[in-house]
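Below is one structure, written out as structure tokens; the observations come after it.
The values are calculated or read from the model by the stated rules, or taken from the named source; none is laboratory data. Every value quoted in this text rests on a predicted model; they were computed, and no experiment measured them. Cβ: placed from backbone, ideal geometry, glycine included. Neighbour counts: every protein chain shown.
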DNA sequence: TAGTGGTCTAGACCACTTA
DNA sequence: AAGTGGTCTAGACCACTAG
């Protein structure tokens, strides 16, 4: 014990990041346990010879990572990793799109009269017209996901070829697509393939599946597009970590 | 058009938060669309009469919310809402625990010889002993989740009554439980009830289910506990929003 | 009252992008 | 060269907590 690591002013890693990492390491080593108070910001300023703003920034990082929690007037305390803090993202779904071996086959892309269900999702009249796009996403030749999407028909913005390939799906993920969109709501639930979906994917109806549903709105809060990804449950597992980021890796 | 809103110095809402909100509103109104450049930080300083650090803090907030993105040397740009940015949390699962009508029944809590599967998860010898706890979580009298957990047996830390009730599960979620834990890994996947699980929950085997699996490690990177929640899929839907936080809410 | 985090000021220098 | 964000300084005042 004794000598603390110092901030390396010539490093490419900025001081605030170095300090955050050093504190993370001291927590990961068990020097500070859950509930322990970390040194005060003033102390850290003195110990590591940095300004208050720099210390504050490092501490803020730890708080955002849910590694620590600050309490005004009391101090900064170490948190224990908690299940409730976990968040899952769609990176595993996205991975299929970025994969070189992935291709997208359009099953259907045309203007249709929407079903009552689609009408209610898109908040359009029963007699109106919407664009229906249905795709099969294959990875190395094997069908993996079925994607079905309905767009409010806008005669001013014709359906172009570019909106139908892999890129259109990638844009859905990376946002490059719709500059007319304000926000989206997503749901994830477990389900089973319908007859139709199963047939498209070469599976059996009733096979376990998950469904990612997405509904995007325009700047007038009107639904603009509604769609869903359906895929075999065993092809997609969501994973995440709680506690110190990067702890226990390799 | 014309007059910008000003920062209210006497408000309870601090200037950086007010500025972030004002910018969010200007984006939500469509004044700035996806891809547009926001005013430079220097401009914002002048417009709203605040210091660079305050502007910076507001912009950082928008970046963290994935509403904007900063590019050094170029400016700050509005992002469109993207599917790939979505994250799902366990608040819907957690809700059951915080609910007043929830109770936990212990089916089993004893020291057992672990199965090979549990041995591999906890990285213990086949002949060793682990603590097995199995619970049924009921909401308003109706069984909802089955929870099965295995803890590495430590003779120094006897199993106490307090670890077996609702509180133990709440602690698992809120972290109050293990100050000896460094990090945890979680997975979420769709599955179906086994015969045993189905029997406990009064369901049929094969019914669609969610499984949340959790594996926690101690400060020596040794697995400390492994467990899983299993619940009917239609009782748990994950939802989230992308784009401007709070947009489109009631 | 002393110590803590929460916020803010009014600059500075740097790295990067664009023209 | 001019403009942008990225980082940092060395303070300040405030609100809150605890002894």
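Take region B:17-35 and flag every residue that is facing chain A (nearest Cβ under 8 Å) and either touching a residue at least 40 places away in the same chain (Cβ under 8 Å) or in contact with a helix residue (DSSP H, G or I) (Cβ under 7 Å, 6 or more places away or on another chain) (or both). Before the answer, list the steps.
Going residue by residue through region B:17-35, those that are facing chain A (nearest Cβ under 8 Å) are B:28-30, B:33-35.
Of everything in region B:17-35, those that are facing chain A (nearest Cβ under 8 Å) and either touching a residue at least 40 places away in the same chain (Cβ under 8 Å) or in contact with a helix residue (DSSP H, G or I) (Cβ under 7 Å, 6 or more places away or on another chain) (or both) turn out to be B:28, B:33, B:34, B:35.
Can you go through A:95, A:91, A:105 and tell me which one is touching a strand residue (DSSP E or B) at 6+ places or on another chain (Cβ under 8 Å), away from DNA strand D (no atom under 16 Å from the Cβ) and free of Cβ contacts under 8 Å to residues at least 60 places away in the same chain?
Working: A:95 fails: touching a strand residue (DSSP E or B) at 6+ places or on another chain (Cβ under 8 Å); A:91 fails: touching a strand residue (DSSP E or B) at 6+ places or on another chain (Cβ under 8 Å).
Going through A:95, A:91, A:105 in turn, just one is touching a strand residue (DSSP E or B) at 6+ places or on another chain (Cβ under 8 Å), away from DNA strand D (no atom under 16 Å from the Cβ) and free of Cβ contacts under 8 Å to residues at least 60 places away in the same chain: A:105.
Look through region B:178-202, keep the residues that are without any contact (Cβ under 8 Å) to a residue 40 or more places away in the chain and part of a loop (DSSP other than H, G, I, E, B), and return whichever of them is surrounded by the fewest Cβ atoms within 10 Å (Cβ to Cβ).
Looking at the filtered set, the residue picked out is B:179.
Residue by residue through region B:229-239, note down the ones that are outside any loop (DSSP other than H, G, I, E, B) and either touching a helix residue (DSSP H, G or I) at 6+ places or on another chain (Cβ under 9 Å) or buried (at least 19 other Cβ atoms within 10 Å of the Cβ) (or both).
If the condition is that a residue be outside any loop (DSSP other than H, G, I, E, B) and either touching a helix residue (DSSP H, G or I) at 6+ places or on another chain (Cβ under 9 Å) or buried (at least 19 other Cβ atoms within 10 Å of the Cβ) (or both), then B:229, B:230, B:231, B:232, B:233, B:235, B:238, B:239 are the ones that fit.
Here's the yes/no breakdown for (1) under 30 Å from residue B:64 (Cα atoms); (2) at pLDDT below 90; (3) loosely packed, with under 13 Cβ neighbours inside 10 Å:
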{"position": "B:81", "(1), (2), (3)": "yes, no, no"}
{"position": "B:88", "(1), (2), (3)": "yes, no, no"}
{"position": "B:92", "(1), (2), (3)": "yes, yes, no"}
{"position": "B:96", "(1), (2), (3)": "yes, yes, no"}
{"position": "B:105", "(1), (2), (3)": "no, yes, yes"}
{"position": "B:112", "(1), (2), (3)": "no, no, no"}
{"position": "B:124", "(1), (2), (3)": "no, no, no"}
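Inside region B:36-107, counting only helices (runs of 4 or more DSSP H) that do not spill past its ends, which hold 2 or more residues that are within 11 Å of DNA strand C (Cβ to nearest atom) and away from every other protein chain (no Cβ under 14 Å)? Can you show your working first?
Working: elements: B:41-48, B:52-64, B:91-98.
The qualifying helices (runs of 4 or more DSSP H) are B:41-48, B:52-64.
Restrict the check to region B:212-219 and report whether at least one residue is without any contact (Cβ under 8 Å) to a residue 60 or more places away in the chain, more than 7 Å from chain A (Cβ to nearest Cβ), exposed (fewer than 15 other Cβ atoms within 10 Å of the Cβ) and not in a loop (DSSP other than H, G, I, E, B).
no
Restricting attention to region A:64-85, which residues are over 22 Å from residue A:239 (Cα atoms) and away from DNA strand D (no atom under 14 Å from the Cβ)? I'd like the intermediate steps shown before the answer.
Step one: of region A:64-85, the residues over 22 Å from residue A:239 (Cα atoms) are A:68-78.
Across region A:64-85, the qualifying residues are A:68, A:78.
Report, by residue number, each residue of region A:1-34 that is part of a loop (DSSP other than H, G, I, E, B), more than 13 Å from residue B:219 (Cβ to Cβ) and under 30 Å from the mean Cα position of the chain (by Cα).
Step one: filter region A:1-34 for residues part of a loop (DSSP other than H, G, I, E, B), giving A:1-14, A:29-34.
Those left that are additionally more than 13 Å from residue B:219 (Cβ to Cβ): A:1-14.
Listed by number, the residues that qualify are A:12, A:13, A:14.
Restricted to region A:37-54, and to residues that are within 15 Å of DNA strand D (Cβ to nearest atom) and in contact with a strand residue (DSSP E or B) (Cβ under 8 Å, 6 or more places away or on another chain), which residue is nearest to residue A:9 (Cα to Cα)?
The selected residue is A:41.
Considering every residue within region A:178-187, establish whether at least one is within 7 Å of chain B (Cβ to nearest Cβ), closer than 30 Å to residue A:21 by Cβ, modelled with pLDDT of 90 or more and in contact with a helix residue (DSSP H, G or I) (Cβ under 7 Å, 6 or more places away or on another chain). Before you say what the answer is, go through the steps one by one.
Taking region A:178-187 as the starting set, the residues that turn out to be within 7 Å of chain B (Cβ to nearest Cβ) are A:178-179, A:181-187.
From what is left, the residues that are closer than 30 Å to residue A:21 by Cβ are none.
No, region A:178-187 contains no residue that is within 7 Å of chain B (Cβ to nearest Cβ), closer than 30 Å to residue A:21 by Cβ, modelled with pLDDT of 90 or more and in contact with a helix residue (DSSP H, G or I) (Cβ under 7 Å, 6 or more places away or on another chain).
I need every pair where a residue in region B:38-59 that is within 15 Å of residue B:78 (Cα to Cα) has its Cβ under 8 Å from the Cβ of a residue that is in a loop (DSSP other than H, G, I, E, B), sequence separation at least 6 or different chains.
From region B:38-59, the pairs are B:38/B:32; B:59/B:38.
Can you name the number of the only condition in (1) surrounded by 16 or more Cβ atoms within 10 Å (Cβ to Cβ); (2) more than 27 Å from residue A:222 (Cα to Cα) that residue B:40 fails?
Answer for residue B:40: the failing condition is (1).
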